[in-house]
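The next block holds one structure in the form of structure tokens; read it before the comments.
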Amino acid sequence: MDANELRQQLRPRAGGPLPKDDHIKHPLVKAYPWGYRQWYRRIERSSLQALMGSARSRDHQLALKVANCSPTQQCGEVTLCWWCKVRASLTEGEAIVQFFETKIKRDRFSAVTIILACIPYEERHTLRTRLRQIRKRLEWAFRLWPRSQWYGRFELDLLTGHRNQELGSYAEKTLKDMGYAPQSAPECVLVHAHLVIYHPRISRDAVRSDLHHWYSACRQVKVTSLRDEQTTEEALTRFGSYIVKFKPPTFALYGRGSRTFRPRHPDVVRQYVRLQRRVRHENLLIQGRAGYQKDE
Ligand SMILES: [Zn+2]
């Protein structure tokens, strides 16, 4: 597919699904929940529209790369491409199960979400350095728990200060505590992490209390058990899939039931795409073990 064909395909009302959308029921992605496959398609479609509407030819090239992705020639653009994102989610689910010894004590697993930093969008060029520092501090903390193991990912959210922006699970007080300044710097990158931590020598309460001590802003840390109704393996697989979602601000995408599939704020979608491309997918991974020896 070339740029003209893609433009035809993206035309409001007249344009149809892309050839790659035929793979939505492909056996390789069938294990992934249908709702998410659809949702990732909506993200992709909005992003392609936004990129093709840009004045930069680099953006058009990226859109074409994603539009031409196929099971045999994957584009690897996990932020944008629904196929690559579903594949990466499934792979991550397998990787996290392999990482942990799943027969070990269930109550020594905790699912942790930590809000780590609020970086003004203007300072986005420092993002990679900041992530390195944040990771260092985080892993320093985890290593204090004897024989702990952790696996998770950083996630980058774009806050725009736009009146329609939904804050999702963030409380305004948390953002304020984190130093978010909507008056002076309404656009910011919120760095948070989702992790599973195995802590065989200490209780979940001790993990929670340590984390609250180190990360003490309002609702900065959330520590829960794995879901009761799932086996450990299922819970880990789901968790692994969940951490590879790359979600642009929803208000910027096209609305549910839209017939034109035009994003409401293409500029914000492009901004999100560019932000994500500053950091490689593999550099978002956080995994390690504290003083762990196999023969112990
Ligand atoms: Zn792809």
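Might you let me know whether segment 23-32 holds any residue that is more than 12 Å from the ligand (Cβ to nearest atom) and either touching a His at 6+ places or on another chain (Cβ under 7 Å) or part of a helix (DSSP H, G or I) (or both)?
Restricting attention to segment 23-32, the residues satisfying the condition of being more than 12 Å from the ligand (Cβ to nearest atom) are 24-28, 30-32.
From what's left, either touching a His at 6+ places or on another chain (Cβ under 7 Å) or part of a helix (DSSP H, G or I) (or both): 24-25.
There is at least one residue in segment 23-32 that is more than 12 Å from the ligand (Cβ to nearest atom) and either touching a His at 6+ places or on another chain (Cβ under 7 Å) or part of a helix (DSSP H, G or I) (or both).
Please determine whether any residue of segment 140-161 is assigned to a loop (DSSP other than H, G, I, E, B), in contact with a helix residue (DSSP H, G or I) (Cβ under 8 Å, 6 or more places away or on another chain) and under 17 Å from CYS118 (Cα atoms). Reasoning before the result, please.
The initial filter retains those residues of segment 140-161 that are assigned to a loop (DSSP other than H, G, I, E, B), namely 144-148, 160-161.
Subsequent filtering for residues that are in contact with a helix residue (DSSP H, G or I) (Cβ under 8 Å, 6 or more places away or on another chain) retains 144-145, 148, 160.
With the extra rule that they be under 17 Å from CYS118 (Cα atoms), the set shrinks to 160.
Checking segment 140-161: at least one residue is assigned to a loop (DSSP other than H, G, I, E, B), in contact with a helix residue (DSSP H, G or I) (Cβ under 8 Å, 6 or more places away or on another chain) and under 17 Å from CYS118 (Cα atoms).
Tell me, which residue of segment 92-108 that is assigned to a helix (DSSP H, G or I) and loosely packed, with under 13 Cβ neighbours inside 10 Å is nearest to the chain's Cα centre (by Cα)?
Of the residues in segment 92-108, the ones assigned to a helix (DSSP H, G or I) are 92-99, 106-108.
Pick out the ones that are also loosely packed, with under 13 Cβ neighbours inside 10 Å and you get 98, 107.
Numbers: GLN98: 21, ASP107: 26 Å.
Per the criteria, the residue is GLN98.
Please verify whether THR126 is more than 16 Å from the ligand (Cβ to nearest atom) and of a type outside the set (D, E, K, R), treating the condition exactly as stated.
Values: more than 16 Å from the ligand (Cβ to nearest atom): yes; of a type outside the set (D, E, K, R): yes.
In short, yes.
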Original post:
Of LEU211, LEU167, LEU175, which residue is among the aliphatic types (A, V, I, L, M) and under 29 Å from GLU77 (Cβ atoms)?
Top reply: LEU167
Subject >> Filter result for the condition that a residue is under 27 Å from LEU144 (Cα atoms) and modelled with pLDDT under 90, over THR224, THR232, THR237 >> reply: THR232
**OP:** Among residues belonging to segment 47-77 that are polar (S, T, N, Q) and closer than 14 Å to GLN271 by Cα, point out the one that is surrounded by the fewest Cβ atoms within 10 Å (Cβ to Cβ).
**Re:** SER54
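So, ARG58, is that one without any contact (Cβ under 8 Å) to a residue 60 or more places away in the chain, within 30 Å of SER209 (Cβ to Cβ) and not in a loop (DSSP other than H, G, I, E, B) or not?
Numbers: without any contact (Cβ under 8 Å) to a residue 60 or more places away in the chain: yes; within 30 Å of SER209 (Cβ to Cβ): no; not in a loop (DSSP other than H, G, I, E, B): yes.
It is false that ARG58 is without any contact (Cβ under 8 Å) to a residue 60 or more places away in the chain, within 30 Å of SER209 (Cβ to Cβ) and not in a loop (DSSP other than H, G, I, E, B).
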**OP:** Confirm whether ALA193 is within 22 Å of SER225 (Cα to Cα) and in a strand (DSSP E or B).
**Re:** yes
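Sort through ILE24, ILE43, ILE96 and tell me the only one that's β-branched (Val, Ile, Thr) and over 19 Å from HIS281 (Cβ atoms). Show your work before the answer.
Values: ILE43 fails: over 19 Å from HIS281 (Cβ atoms); ILE96 fails: over 19 Å from HIS281 (Cβ atoms).
Just a single option satisfies the conditions, and that option is ILE24.
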Original post:
Which ones in segment 1-18 are free of Cβ contacts under 8 Å to residues at least 40 places away in the same chain and within 16 Å of the ligand (Cβ to nearest atom)?
Top reply: PRO17
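I'd like the residue in segment 243-278 that is among the hydroxyl-bearing types (Ser, Thr, Tyr) and within 17 Å of the chain's Cα centre (by Cα) and, out of all such residues, is surrounded by the fewest Cβ atoms within 10 Å (Cβ to Cβ).
If we filter segment 243-278 for residues that are among the hydroxyl-bearing types (Ser, Thr, Tyr), which is where we start, we get 250, 254, 258, 260, 272.
Narrowing further to those that are within 17 Å of the chain's Cα centre (by Cα): 250, 272.
Numbers: THR250: 17, TYR272: 28.
Per the stated criteria, the residue is THR250.
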Original post:
Within the bounds of segment 70-89, is there any residue that is within 12 Å of the ligand (Cβ to nearest atom), out of contact with any Cys (no Cβ under 6 Å at 6 or more places or on another chain), part of a helix (DSSP H, G or I) and of a type in the set (A, V, I, L, M)?
Top reply: yes
Original post:
From LYS105, LYS85, which residue is out of contact with any Ser or Thr (no Cβ under 7 Å at 6 or more places or on another chain) and not assigned by TED's automatic domain parsing to the domain that holds ALA235?
Top reply: LYS85
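The values are calculated or read from the model by the stated rules, or taken from the named source; none is laboratory data. This structure is a prediction, so every number in the text was calculated from the model and none was measured. FYI the Cβ positions are ideal-geometry reconstructions off the backbone, even for glycines, and counts take in every protein chain you see.
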